[in-house]
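Working notes, structure below.
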Amino acid sequence: MIKHTAFQIIWQSAIICIIAAAAGLLSNVIRQDALPLPGKWTSEAGLTSNDGTSIVISLEEARNLFFSKNAVFFDARASKNFQAGHIKEAISFPWDTFDEYAGQLLGKLPEDQIIITYCDGETCCLSKDLAFALIDLGFNNTRVLINGWEVWQKDKLPVETDSVTDNCVKSGPGQ
């Protein structure tokens with residue numbers, strides 16, 4: 001009797017799952033903005049602007065812009081992480097302070113300024129969120145350096161630590 005009941009529960013659960021999956025697929029087909037089923041699930045996949053262009057910047061491009069001083073680097077990590085180490089001359093702009101300090105930090109920049117946002121970890125979304133918020137404000141030359149802090153250090157590019165003061169204190173966030 002117990003074996004029969006357990007088998008019946010498993011069988012009914014499988015049928016419910018199949019029905020739910022079929023309903024989900026059917027509703028996706030009916031949607032006007034259907035989700036692609038064989039989608040791209042890489043770190044770069046969600047980093048395209050509204051016009052379909054990628055906002056990802058390679059380490060090589062970021063390095064060239066850094067040394068030519070043609071870009072502003074925004075560190076989207078928390079201030080304590082920034083103080084422990086960051087890309088040299090980067091500005092601390094923690095994502096969670098965006099609403100509070102965006103006007104103060106961005107008011108000094110021309111809208112065509114190249115901005116590179118970064119955080120730490122390939123799955124870190126802080127730099128992505130910051131980049132899209134900047135693009136929404138008209139800073140269309142904003143790019144994301146995926147896993148920026150880690151790849152920058154790994155390539156032995158200029159970094160600095162600042163436990164007393166960070167670049168952001170002059171501008172606002174991180175105080």
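With springs only between Cα atoms under 10 Å apart, run a GNM on the chain and tell me which of Val29, Val159, Val56 wobbles the most.
Val29
Report the extension gain between Lys80 and Thr161 in nm, rounded to one decimal, defined as 0.36 nm multiplied by the number of residues separating them, less their alpha carbon distance.
28.1 nm
Can you list residues from other chains, or at least 5 along the same chain, whose modelled amide H is less than 5 Å from the amide H of Val56?
Result for Val56 returns Val144.
In degrees from 0 to 90, rounded to the nearest 10, what is the angle of the helix 126-136 Cα long axis to the longest principal axis of the chain?
80
How would you classify segment 52-93 from its alpha-carbon gyration tensor, with a ≥ b ≥ c the square roots of the eigenvalues: rounded for a/c under 1.5, else prolate if a/b is greater than b/c, otherwise oblate?
Verdict is oblate for segment 52-93.
For segment 77-168, what is the relative contact order in percent, using Cα pairs closer than 8 Å and at least 6 residues apart in sequence?
Reported relative contact order: 42 percent.
Can you tell me the orientation of helix 2-30 relative to the chain, as the angle in degrees between its alpha-carbon axis and the longest Cα principal axis, to the nearest 10?
Helix 2-30 sits at roughly 50 degrees to that axis.
Can you give me the distance in nm between label points at Ile2 and Asp51, each placed 7 Å from the Cα along the Cα-to-Cβ direction?
Here the answer is 6.8 nm between the modelled labels.
Within the chain, which is the longest segment containing none of the GluC sites (Glu not before Pro) that sit in a DSSP loop and have at most 15 other Cβ atoms within 10 Å?
After excluding every exposed loop site, the longest remaining stretch is 123-175.
Between Rg and the Kirkwood Rh of segment 59-170, both from Cα atoms, what is the Rg to Rh ratio? Working shown, then result.
On the way: Rg = 12.7 Å, Rh = 13.8 Å.
Across segment 59-170, the Cα-based Rg/Rh ratio is 0.92.
With θ taken as phi - 60° and the coefficients 6.51, -1.76 and 1.60, list the Karplus ³J(HN,Hα) couplings across segment 92-106 in order, rounded to whole Hz; mark glycine and proline as x.
Using θ = phi - 60°, the values come out as 6, 9, x, 3, 6, 9, 3, 4, 6, 10, 4, x, 5, 7, 8 Hz.
Only Cα pairs within less than 10 Å get springs; with that Gaussian network setup on the chain, which residue of Arg31, Arg77, Arg63 has the largest fluctuation?
Most flexible of the set in this elastic network: Arg31.
Cut-off 10 angstrom, C-alpha nodes, Gaussian network model of the chain. Which of Phe67, Phe93, Phe82 fluctuates the most?
Result for the chain, Cα springs under 10 Å: Phe67 fluctuates most.
Read-outs: derived from the displayed coordinates by stated rules, not from any lab. The structure presented is a predicted model; accordingly, all values stated were derived computationally and were not measured. Don't worry about glycine lacking a Cβ; one is built from the backbone with ideal geometry, like all the others, and counts go over all protein chains shown.
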